[in-house]
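**Q** Before I ask anything, let me first share the structure, which is written out below as structure tokens.
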């Protein structure tokens, strides 16, 4: 008798006691969601943009509304109110830290637009930043031009907010900054290399400008994990202690040492451990005080980016997490700078940070639809397998061995580990014989089914006997888990998962009041084996797990009911890093906010790339493709391979497809 295995997600026993709260615990919603996401009692995943339970947005309801408007998954949902909330949290944390420490200066956050350069996002953030006294940061010439144009119509107060200019700079970049200062912009050039300083002084003297200058220094302190090389003596950016002194001497020679207003550093995009923050900020504060002692006109200290996001909810110093919160971060930064400055009897500088990831990550949710699944627990039908084996006098021995291994599991004294080893060996021998022509295709299929059933039964018994953590069985759950096929491209929408193995929380957005009975990995729509997700956030373990608990797809294999998954915390970097693997383009992006009555509304719909657009990105002349297709059709009609009506239909399908979504509709 085949017993439904439990350890691989095929426990289909109804569980009427399962609640949405159970799902919230299972997926770690409270841990990584930080009050922005929750499981509603009806089973829907809800978004709380202001962290207020009474003001929530039902995600399935939004998807239904978009579908009625012709906007289908995959779709990226951006929540403007959540950006405002995160920025307000950072503002409040530093204000409180400054008040508690009796710090004698202020704080300003600058948003690095590299985190998400989409125009709609940057305009929304700049509008909020102007209200909070925050600024913007650019890291390249194109970003500088975008910010200068985007902020052109600002009032006098907004124009006074800082624009921090980082990154490598050519003469055009630097000359633009100098001229922008003459517009009245509060624009600060952060020098990364000696050549940049020489060019900056040359243009400043040419145009009669006293520029506001920052210098990025290389701290000996480093981050940890993926971004450790952002700091340290061999970091890509910044000046060493020797280079800093040479720069100050050069400024003094040109009577511009008083223009050195800001000291900057950066030790990583995601700092996991608060001790690294403390060490690096202390070092920077000492450098600041020494520069002040040597006559620099410093008034600002920029601690760079690095305020982390707890992607897996573990609250640990691992790559996907952080062992501190915003309040502790702000308190540490303020306290360290104050202590060093007080000891050196130096006035407290204005503190700046570039906390882009912490601002943007929460605000975007990618919603994808599941197209189908592959399961590896097809019923073994042992009686059928034995009948098939007995029908032939030439049934290979590995088939009999597999059947025997499965049946021997009914023996209470059976050694399940040894039986599994026997089944593995028999399966491998059967596959080898198939490659040599001694096993038929039906026999091979029988071998696969019996092996899968044996594996599932072994896992179930191992769990009952407390043996499921045995090394011999570690990879078995992964081998037997389902594959769910999701309508999106990892390379376009989650490039950090592919490139640096970043874990993002993934949760069904509905049916949360039902117990998920499948365990699966996710495959995307690209023709690439890397287009798979097999690491999922897990706050209860080491930060990740190899399989995700999902629900059984309802309906038949070809026409199942819609099943949607949300990929969370995708607002930082994912949109701007995405590529065109298989020519899958940008997804639809929809801006959602709360109105004055607390109801959700759609503020803007940015339709995803069409086939025509992505072909243009890779230099195809789409009009020529249309003409060439028409001529092919005419030749086929002339040769009698198509009639006129068929040719017309094909041309119409082709032209319609060029204007269609790059994803499956």
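**Q** Every residue in the range 393-409 that is touching a residue at least 40 places away in the same chain (Cβ under 8 Å) and either surrounded by fewer than 17 Cβ atoms within 10 Å (Cβ to Cβ) or closer than 17 Å to residue 448 by Cβ (or both), please.
**A** Passing the criteria: 395, 396, 398, 399, 402, 403, 405, 406.
**Q** Sticking with this one: Filtering the range 524-534 down to residues that are closer than 23 Å to residue 29 by Cα and surrounded by fewer than 21 Cβ atoms within 10 Å (Cβ to Cβ), which residue is modelled with the highest pLDDT?
**A** Filtering the range 524-534 for residues closer than 23 Å to residue 29 by Cα gives 532-534.
Pick out the ones that are also surrounded by fewer than 21 Cβ atoms within 10 Å (Cβ to Cβ) and you get 532, 534.
Details: 532: 94, 534: 91.
Per the stated criteria, the residue is 532.
**Q** Given the options 507, 458, 503, name the one that is outside any loop (DSSP other than H, G, I, E, B), under 30 Å from residue 664 (Cα atoms) and touching a helix residue (DSSP H, G or I) at 6+ places or on another chain (Cβ under 8 Å). Break it down stepwise before answering.
**A** Details: 458 fails: under 30 Å from residue 664 (Cα atoms); 503 fails: outside any loop (DSSP other than H, G, I, E, B).
Checking each option against the conditions leaves just 507.
**Q** While we're on this one: Please state which one of 575, 514 is assigned to a helix (DSSP H, G or I) and within 29 Å of residue 50 (Cβ to Cβ).
**A** Values: 514 fails: assigned to a helix (DSSP H, G or I).
Going through 575, 514 in turn, the sole match is 575.
**Q** Taking the stated definitions as given, is residue 360 modelled with pLDDT of 90 or more, surrounded by 15 or more Cβ atoms within 10 Å (Cβ to Cβ), at negative phi and assigned to a helix (DSSP H, G or I)?
**A** Taking the combined requirement at face value, the residue satisfies it.
**Q** Which numbered condition trips up residue 291, out of (1) out of contact with any helix residue (DSSP H, G or I) (no Cβ under 6 Å at 6 or more places or on another chain); (2) in a loop (DSSP other than H, G, I, E, B)?
**A** (2)
**Q** Now, a different point. Looking at the range 578-606, which of its residues are part of a loop (DSSP other than H, G, I, E, B) and touching a strand residue (DSSP E or B) at 6+ places or on another chain (Cβ under 6 Å)?
**A** First, pick out the residues of the range 578-606 that are part of a loop (DSSP other than H, G, I, E, B): 578-580, 584-587, 595-599.
If the condition is that a residue be part of a loop (DSSP other than H, G, I, E, B) and touching a strand residue (DSSP E or B) at 6+ places or on another chain (Cβ under 6 Å), then 587, 595 are the ones that fit.
**Q** Further question: Name the single residue, out of those in the range 607-640 being outside any helix (DSSP H, G or I) and crowded, with 17+ Cβ neighbours inside 10 Å, that is farthest from the chain's Cα centre (by Cα).
**A** Taking the range 607-640 as the starting set, the residues that turn out to be outside any helix (DSSP H, G or I) are 607-610, 618-621, 639-640.
When the remaining residues are screened for being crowded, with 17+ Cβ neighbours inside 10 Å, the result is 608-610.
Values: 608: 18, 609: 20, 610: 23 Å.
The residue in question is 610.
**Q** Just checking: which of the helices (runs of 4 or more DSSP H) contained wholly in the range 93-171 hold 3 or more residues that are over 18 Å from residue 354 (Cα atoms)?
**A** Details: elements: 119-132, 141-150, 156-159.
Counting at least 3 such residues, we get 141-150, 156-159.
**Q** If you don't mind, there's one more thing I want to ask. Given 519, 473, 554, which one is closer than 25 Å to residue 75 by Cα, at pLDDT below 95 and in contact with a helix residue (DSSP H, G or I) (Cβ under 8 Å, 6 or more places away or on another chain)? Reasoning before the result, please.
**A** Working: 473 fails: closer than 25 Å to residue 75 by Cα; 554 fails: in contact with a helix residue (DSSP H, G or I) (Cβ under 8 Å, 6 or more places away or on another chain).
That would be 519, the only listed residue that is closer than 25 Å to residue 75 by Cα, at pLDDT below 95 and in contact with a helix residue (DSSP H, G or I) (Cβ under 8 Å, 6 or more places away or on another chain).
**Q** Turning to a different aspect of this structure: Against the conditions (1) buried (at least 19 other Cβ atoms within 10 Å of the Cβ); (2) touching a helix residue (DSSP H, G or I) at 6+ places or on another chain (Cβ under 6 Å); (3) over 30 Å from residue 604 (Cβ atoms), where does residue 414 fall short? Just the number, please.
**A** So residue 414 meets the others, but not (1).
The values are calculated or read from the model by the stated rules, or taken from the named source; none is laboratory data. Quick caveat: nothing in here was measured; it's all calculated off a predicted structure. All Cβ positions, even for glycine, are placed from backbone atoms using ideal geometry, and neighbour counts span all protein chains on display.
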